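What follows is calculated from the coordinates using simple rules that are stated; it is not laboratory data. Since this is a predicted model, take the numbers as computed values, not measurements. For neighbour counting, all protein chains shown are included, and Cβ atoms are generated from backbone atoms with ideal geometry for every residue, glycine included.
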Number of protein chains: 2
Amino acid sequence: MNKKVNISIDMMGGENSPDKTIDGIEIFIKRNKNLNDYFFYLFGDESLIKEKIKKKSIKNYEIIDTNIVVSDDLPALSALKKGKGSSMWKCIESQNLLNSDVSLSAGNTGVLLVMSKMILKTLEDVDKPALAGLWPNNKGMNVVLDLGANIECSEKNLIDFSEMGAALYQSLYPNDMAKVALLNIGSEEIKGTELLKSTYSKLKILDEMGDFKFNGYIEGNHITKGDCNVIVTDGFTGNIALKTAEGTANFLTDNLKKALSANIFSKISSLLSYFPLKKFKNKLDPRKYNGAIFLGLKGPVVKSHGSTDSLGFSYSLEVCYKIAKGQMIDKIKYNLGHIKKIKNDEK
Amino acid sequence: MNKKVNISIDMMGGENSPDKTIDGIEIFIKRNKNLNDYFFYLFGDESLIKEKIKKKSIKNYEIIDTNIVVSDDLPALSALKKGKGSSMWKCIESQNLLNSDVSLSAGNTGVLLVMSKMILKTLEDVDKPALAGLWPNNKGMNVVLDLGANIECSEKNLIDFSEMGAALYQSLYPNDMAKVALLNIGSEEIKGTELLKSTYSKLKILDEMGDFKFNGYIEGNHITKGDCNVIVTDGFTGNIALKTAEGTANFLTDNLKKALSANIFSKISSLLSYFPLKKFKNKLDPRKYNGAIFLGLKGPVVKSHGSTDSLGFSYSLEVCYKIAKGQMIDKIKYNLGHIKKIKNDEK
């Protein structure tokens, strides 16, 4: 496999772009000096990007000039009307026109999702594309989906999410087994909604196909445990869980900061524990798992947080590289085939 | 209002009882030396309790001997069959037979809920009782409900929860205004399920009745902000949110502990910041808001965590005292009257 990975980047989306996006690319390159099998298509204001990029050590790229930027504040519909020919639009379209393998944008999530569906189309057999995110646990990282694309889900949706989430996990962490669990309010088989119970029994059968190990139900307080690594739920619950975790983390770290600067002793103590605390912060730095991955389309699209900085953007770029290199779309198609198979076996 | 508050306590439920429950009562008394307007009915093994309680500075109590204990491990149905005459059963029943104002148990939640419904009955006009909990925020404490009693909810349920949650908040914090918000995946009026949208418009009307201020939707990451203090959601979402917050908090504090004992410098530093860190831990100590309050029954029942210690149990006792003193049940009835009124106005 020596084929180059072509990564398309919307240079204009999100706060402080294109400075953030250009710096993010540079950070990605510096962190991955051992890699040389990638190429960037950069979409945006050519003269602006040229001016800024020449000071950087970035090679292997081509700038495609676009003069429309989709504003983050526009409602999705107006953004779509005005968005054809924008940096975001062309960045996605390049998977059809330029043989690009993956698209990355820090622009508006809703607009990016709708545009991606329009341009790339949904995979055969998938009803609803999903938004997947990364979430740290004690042993590494979870994939969690759906994070808000589908507020109401069917059994078929949840099963698709399981197979697609497993494919994503396997692309990002090829040496690990995907271990799927359904988010629920108890771990016993009899707990939860009828929808969850019927999904549970289907996933038990799919477990035998070898795409993932099905670990049953998982409760919210065990997400960070690391016994499972693909957490499946509907978009409403997933979004609430993700944001509640974010809020709790901010609440605790804010209170901790206050405590550690409360008086002169604690200030000295903070200095003494500077390196361990830095390690702690570093390990749990949300920029390392920022953004979301769209699953269920014919091509992969990654969304970086609009408000993240260049370091956060560089990690989204790493996700792009890994899922293209790991042939996530092929893995998804392969996995979805198993759903069809057990459906046929049922008949 | 000089009427004594009568508090019934299941002395046998939960881990390490009755030692935990006896110690918990003593801690409550020591922390509230200024209060003398309460009386305890203690349900459990009389000889055991007598033996242990005589060493404590606990007065104002009466022991009611019960020789059946509902095991935490029994399924709800078997527990119910065997449970008549148990310490838990009699503790609840005392609201009907002994003029008790409130019941407290650290036993099995499911069994306690079913027994409470059977003995106390659901309030007129309430379809489904709810489980409410306390959740710290930057300005004080939230009331959050439902935490798992009702995994699927109607508009009527969510409106009942809002009025009952406001009544609970007002009983616990009589000097504060109850500010209700609906947990959702966005804060704009158009976001969320149809159920949430129709509930939103009803709560807007109820806002004018003065029981609470309706603050609209709240996202998971704003629960700890403190702009709202009564967070309303269905039992599935509430349970996932609560447990996810718990898991996140444990994950962060475990990692912090590891960081602060990583080497000799950080160990010294931990000593230096002992008091600020203790203050931090103390402020966010989960024992201070342990357990849950059952809302929607004709009498108040409080559930302490089975695994909490005597300090945690003492805080549940404080909740019992406050909601009895604050006449929560009367407040709930008053608030529910307003739902009836706007329903009649609609006709």
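Worth a mention:
- Anisotropy class of chain A from Cα gyration tensor, a/c 1.5 cut: oblate
- Residue exposure sequence - A:116, A:100 - by fewest surrounding Cβ within 10 Å: A:100, A:116
- Chain A: relative contact order in percent, alpha carbon pairs under 8 Å with at least 6 residues between: 23 percent
- Each residue, residue A:195 and residue A:282, gets one label point 7 Å from its Cα in the Cβ direction; the gap between the two is 4.3 nm.
- Positive-end residue of A:209, A:190, A:132, charge dipole of the range A:127-294 with Cβ unit charges: A:132
- Placing unit charges on the Cβ atoms of the charged side chains and taking the dipole of the protein assembly as shown about its Cα centre, the candidate lying farthest along the positive direction among B:77, A:41, A:310 is A:310.
- In the range B:127-295, Cα pairs under 8 Å separated by at least six residues give a relative contact order of 34 percent.
- Pairwise label distance in nanometres, residue B:84 with residue A:207, each label 7 Å out on the Cα-Cβ vector: 4.1 nm
- Adding -39500 (n - 2.57) for every DSSP H run of four residues or longer, then dividing by how many residues chain B holds, sets the calculated 222 nm ellipticity at -15000 deg cm²/dmol.
- Normalised contact order of the range A:1-125, rounded percent, pairs of Cα under 8 Å and 6 or more residues apart: 33 percent
- Measure of compaction for the range A:70-154 (Cα Rg per 2.2 N^0.38 Å): 1.23
- Taken over the alpha carbons of the range A:127-294 as equal point scatterers, the Debye sum produces base-10 log I(q)/I(0) values at 0.15, 0.17 Å⁻¹ of -0.81, -0.97.
- Among A:11, B:141, A:115, a tally of other beta-carbon atoms within 10 Å of each Cβ gives an order, fewest to most, of B:141, A:115, A:11.
- Placing +1 on the Cβ of every Lys and Arg and -1 on the Cβ of every Asp and Glu, with no other charges, gives chain A a dipole of roughly 1040 debye about its Cα centre.
- The Rg/Rh ratio of the range B:129-208, with both radii computed over alpha carbons and Rh defined as the Kirkwood radius, is 0.95.
- For residue B:3, a cut-off of 22 angstrom between C-alpha atoms picks up these lysines, skipping any fewer than 8 places away in its own chain: B:30, B:33, B:59, B:298, B:322, B:325, B:331, B:333.
- Positive-end ranking of B:11, B:103, B:180 along the dipole of the protein assembly as shown, with charges on Cβ about the Cα centre, is headed by B:11.
- Full extension of the segment from residue A:52 to residue A:125, taken as 0.36 nm per residue of separation minus the current Cα-Cα distance, would add 21.9 nm.
- Diffusion coefficient, µm² s⁻¹, Stokes-Einstein with Kirkwood Rh over alpha-carbon pairs of the protein assembly as shown at 25 °C and 0.890 mPa s: 89 µm²/s
- The mean number of partner chain beta-carbon atoms within 10 angstrom of a residue's beta-carbon across peptide B:149-159 is 1.
- Plainly put, the tip 7 Å out from Cα toward Cβ on residue A:278 is 3.0 nm from that tip on each other copy, the closest given first.
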